[in-house]
Amino acid sequence: AQSVAQPEDQVNVAEGNPLTVKCTYSVSGNPYLFWYVQYPNRGLQFLLKYITGDNLVKGSYGFEAEFNKSQTSFHLKKPSALVSDSALYFCAVRDSGGATNKLIFGTGTLLAVQP
Amino acid sequence: GAVVSQHPSRVICKSGTSVKIECRSLDFQATTMFWYRQFPKQSLMLMATSNEGSKATYEQGVEKDKFLINHASLTLSTLTVTSAHPEDSSFYICSARDLANHNTGELFFGEGSRLTVL
């Protein structure tokens, strides 16, 4: 069965500093990995995905993530945080070889960027 | 990106009534849509997979008679919460994947529907 872990409930970072939001996954086959962001009382917005190819994936709003197969991780990063980046971030995984195309989400990490 | 429209965004109803939530893909077709439920400060729980032209696939523990799902066309899925009770109060979010990218494409999400049952 596929699963996703986001070990941090909350990440605090000062504006202008680099940020990292951690994600590890477990699938039986090759993973399709995704990051989404959610603002209060809103749906989820797609940030980026890893399907195949280059391990470093660049996405929306200056975010990027690095796929690390040996560590089964897909951490979200940004070189310089903005106050407007404060939101709830979800990592998600799909098993490329799975019988279904369900997307399984982590528990979410609240990012708080202080001015 | 592709747009998924969800309606209504907020609904308040009395206990025992039924509420229908619509999910539409506006500029793409989707044979599969997904319905999630989100509790405050918690992750998204997949409730069911809505399949166009066939029965929905429900996750374990989700009552199919309680949460009726209909996917009558390639652009519309509906979730009906029947005989709603206060414990059904939650944030319901639908999502869809573009049929053209059904294998590797990302999900596009609606804005969610906040249901409050009095």
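Some notes on this structure:
- Selection status of B:Tyr92, among the aromatic types (Phe, Trp, Tyr) and open to solvent by 40 Å² or more (accessible area, probe 1.4 Å): no
- Any hit, region A:108-115, residues being over 19 Å from B:Ser95 (Cβ atoms), part of a strand (DSSP E or B), away from chain B (no Cβ under 14 Å) and open to solvent by 70 Å² or more (accessible area, probe 1.4 Å): yes
- In region B:9-23, of all residues being away from every other protein chain (no Cβ under 13 Å) and not small (Gly, Ala, Ser), the one that is surrounded by the most Cβ atoms within 10 Å (Cβ to Cβ) corresponds to B:Val19.
- Enumeration of residues in region A:79-104 that are of a type in the set (A, V, I, L, M, F, W, C), in a strand (DSSP E or B) and open to solvent by less than 20 Å² (accessible area, probe 1.4 Å): A:Ala87, A:Phe90, A:Cys91, A:Ala92, A:Val93
Residues checked against (1) within 14 Å of chain A (Cβ to nearest Cβ); (2) under 10 Å from the mean Cα position of the chain (by Cα); (3) within 22 Å of A:Ser3 (Cα to Cα):
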{"site": "B:Ala30", "(1), (2), (3)": "yes, no, no"}
{"site": "B:Met33", "(1), (2), (3)": "yes, yes, yes"}
{"site": "B:Tyr36", "(1), (2), (3)": "yes, yes, yes"}
{"site": "B:Tyr58", "(1), (2), (3)": "yes, no, yes"}
{"site": "B:Gly61", "(1), (2), (3)": "no, no, yes"}
{"site": "B:Lys66", "(1), (2), (3)": "no, no, no"}
{"site": "B:Glu87", "(1), (2), (3)": "no, no, no"}
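- Among the residues of region A:1-40, those identified as charged (D, E, K, R) and open to solvent by 60 Å² or more (accessible area, probe 1.4 Å) are A:Asp9, A:Glu15, A:Lys22.
- For region B:95-108, the set of residues classified as of a type outside the set (D, E, K, R) and open to solvent by 10 Å² or more (accessible area, probe 1.4 Å) consists of B:Leu99, B:Ala100, B:Asn101, B:His102, B:Asn103, B:Thr104, B:Phe108, listed by residue number.
- Residues in region A:30-54 that are aliphatic (A, V, I, L, M), at the interface with chain B (Cβ under 10 Å from one of its Cβ atoms) and farther than 18 Å from A:Ala87 by Cβ: A:Ile51 alone.
- Criterion violated by B:Lys41 - all others in (1) open to solvent by less than 70 Å² (accessible area, probe 1.4 Å); (2) within 13 Å of chain A (Cβ to nearest Cβ); (3) over 30 Å from A:Thr52 (Cβ atoms) satisfied: (1)
- A:Leu76 within 21 Å of B:Asp98 (Cα to Cα) and buried (at least 19 other Cβ atoms within 10 Å of the Cβ): no
The values are calculated or read from the model by the stated rules, or taken from the named source; none is laboratory data. Here the structure is a predicted model, which is why all the values come from computation and not from measurement. Quick reminder, even Gly has a Cβ in these numbers, built from the backbone with ideal geometry, and neighbours come from all protein chains shown. What goes into the accessible areas is simple: the full protein's heavy atoms, side chains included, and nothing from ligands, DNA or RNA. Shrake-Rupley method; radii C 1.70, N 1.55, O 1.52, S 1.80 Å.
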